[in-house]
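Here's the structure, in structure tokens; my notes come after.
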Amino acid sequence: MTSIIANYLFAGLVFFGCKKPASQGNPIPVYHADTTVSITTDKANYSPGDLVSFSIDKPLPASAKIRYRQLDNIIADINIPGTSWKWTAPSTDFTGYMIEVYNIENGVEKIYGCTAVDVSSDWSHFPRYGFLSAYGQLSNNYMDSVMNNLSRLHINGIQFYDWEYDHHQPLAGTVSNPAASWPDIANRTNYKSTVDYYISSAHTHNMQAMSYNLCYGALDDAATDGVSDLWYLYTDQNHLTKYVLNLQAPFKSKIFLLDPSNTSWQQYIAGKTQDMYDVYAFDGYHVDQVGDIGSIYDFNGNSINLSVGFCSFLAAMKTYGPSKKLVMNAVNQFGQQASISTSPVDFLYTEVWSPNEAFNDLSNIIKNNDAWSNNTKKCTLAAYMDYNVAKGKGYFNTPGVLLADAVIFAFGGSHLEMGDHMLCNEYFPNANLQMKPDLQQAIIPYYDFLSGYENLLRDGGSFKTPDIISSDGKTMINNWPPQSGGISVIGKDLGNREVIHLINFANASSFDWRDTNGDQAMPKTYQNISYILTLTRPVSKLWMASPDINGGAMQQIPFTQSGNSIAFTLPTLQYWDMVVADY
């Protein structure tokens, strides 16, 4: 969080005129792609050799077939056995598959629906992070609908935001006698039964449950719980004033910050975190911070470099909990390069704020995170859409969301946006904005695309400037970053193939990824646009896929070749097309 003060003050303004957040206990939409059938799987993620259970929501003709693809390679192509069936996941780890249900009608292939399967023994290899934000007395049916929807989007890790009791003591009660309910920092009542149910449901769907907490927070009563004044951060060298996030009622406490590199504090909070693990079956610790707070000192007057101190804290948490996953928020990249990227976190997480407001800033953050981790840790961005619109009730602007996702996904990142509602603010319980039906439909193939084509999007390769031109004058082509009136092109060399992403900014109203005021224009859809692409060697096959077309199903593209140049025609481009040239 860039400013917990701002986050929680906003929470007070928005939510404390009513009994509970809008998302708590109310039904949420069940997402269905805009295809003939809705295909679901029993889990969000699978290990090699697992049995995958599929179902569709209506019967199809006996001639309908199921096609399993790994990129452009057909693994199997069989008749559909009914409205439910099983498939044994292949033995290759860290691999995405697209599953297409189709038929031949009047000599033409018709796609009825698609889904994806991610076969990865470790979810953090290709993280697709979601969240929960409310833990009141919720019905099982409501919680099931939340988790089923997240599973349909292949969300494989869940951040349990603000579930804890006190920041310095996340467990309410004791290990032997845990509390049945407790007030969180915003004085909402959380329930053990709700947290337990959500964790159990996450595990049923093969999602990992991550416990949220600051790395250095303590409340007003921390001294009575054993937190020493020697561990705090101070704004002066004489330890007269502790650094404090000065929250007011209805919040139950101010939040004081401690030195994350202080070994006594590390030992203390590790013990309290272990108490929490002894009661709740969380799989890891989502570590938060508040960003750059300027000059700060320890009790002895020593200047503290927080961006370096985070590494010490994370190393200690891994030592005390070696089997647990770790991820830490780098607020606007604070501490990412110097500390977090080389620490024992399992993937990188950046909360994006001004001045990183342009689409090009998103791509630079992802590429920097890849470089700083030596391409060993994937990247998730907490990037909040329609920020000004969310100050009141309203709707997400579908074009803004899809363009942001297209850019994030094309550059190999994922987007923290889906949970018990869609995310529009750093205070996660803010559910002011709803998804319109077109966004509810469109978001499914985008996440199928992210999962099914993960080996092209997130599995190595090097970005490059492609040599591509429009040969028919229908579109203006420009290399990344986007320019007014053009289709932006991003190239990626994967050795045995080259990937070309075309993202349609031709009539974009701005290049502000956040679409702050919700006024990003819907792209003009282009039909039958012709290109000439020059590559380093002859091409054996050309194919494309798009989350905007046929649920993301792959289709081969005819081309003519002259030397190392190929001429081809794309059937359609709305938001984002991916073209793949196999050598």
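For segment 129-160, a residue qualifies if it is assigned to a loop (DSSP other than H, G, I, E, B) and either among the charged types (D, E, K, R) or more than 14 Å from the chain's Cα centre (by Cα) (or both), and the qualifying residues are 133, 134, 135, 136, 137, 138, 139.
Number of residues in segment 317-332 that are more than 16 Å from residue 289 (Cα to Cα) and of a type outside the set (S, T, N, Q) equals 6.
The sole residue among 344, 322 that is out of contact with any helix residue (DSSP H, G or I) (no Cβ under 6 Å at 6 or more places or on another chain), without any contact (Cβ under 8 Å) to a residue 40 or more places away in the chain and surrounded by fewer than 24 Cβ atoms within 10 Å (Cβ to Cβ) is 322. Within segment 100-114, being in contact with a helix residue (DSSP H, G or I) (Cβ under 8 Å, 6 or more places away or on another chain) and either in a loop (DSSP other than H, G, I, E, B) or closer than 15 Å to residue 41 by Cβ (or both) holds for 100, 113, 114. Criterion first (loosely packed, with under 14 Cβ neighbours inside 10 Å, farther than 30 Å from residue 353 by Cβ, polar (S, T, N, Q) and modelled with pLDDT of 95 or more) does residue 569 satisfy it? So residue 569 fails the test.
Among the residues of segment 371-383, are any β-branched (Val, Ile, Thr) and part of a strand (DSSP E or B)? Walk me through how you get there before you give the answer.
Start the filter on segment 371-383 by keeping residues that are β-branched (Val, Ile, Thr), which leaves 376, 380.
From what is left, the residues that are part of a strand (DSSP E or B) are 380.
There is at least one residue in segment 371-383 that is β-branched (Val, Ile, Thr) and part of a strand (DSSP E or B).
Please verify whether residue 281 is of a type in the set (A, V, I, L, M, F, W, C), surrounded by fewer than 22 Cβ atoms within 10 Å (Cβ to Cβ) and in a helix (DSSP H, G or I), treating the condition exactly as stated.
Numbers: of a type in the set (A, V, I, L, M, F, W, C): yes; surrounded by fewer than 22 Cβ atoms within 10 Å (Cβ to Cβ): yes; in a helix (DSSP H, G or I): no.
The answer is no for residue 281.
Suppose we keep only residues that are in a loop (DSSP other than H, G, I, E, B) and charged (D, E, K, R) within segment 455-472. Which one would you say is surrounded by the most Cβ atoms within 10 Å (Cβ to Cβ)? The selected residue is 458. Segment 492-583 holds strands (runs of 3 or more DSSP E) entirely within its bounds, and those carrying 3 or more residues that are under 21 Å from residue 116 (Cβ atoms) and either of a type in the set (Lys, Arg) or within 24 Å of the chain's Cα centre (by Cα) (or both) map to 497-504, 576-582.
All told, residue 331 meets the bar of being touching a strand residue (DSSP E or B) at 6+ places or on another chain (Cβ under 6 Å) and surrounded by fewer than 24 Cβ atoms within 10 Å (Cβ to Cβ).
The values are calculated or read from the model by the stated rules, or taken from the named source; none is laboratory data. Every value quoted in this text rests on a predicted model; they were computed, and no experiment measured them. Positions of Cβ are backbone-derived with ideal geometry, glycine not excepted, and every protein chain shown enters the neighbour counts.
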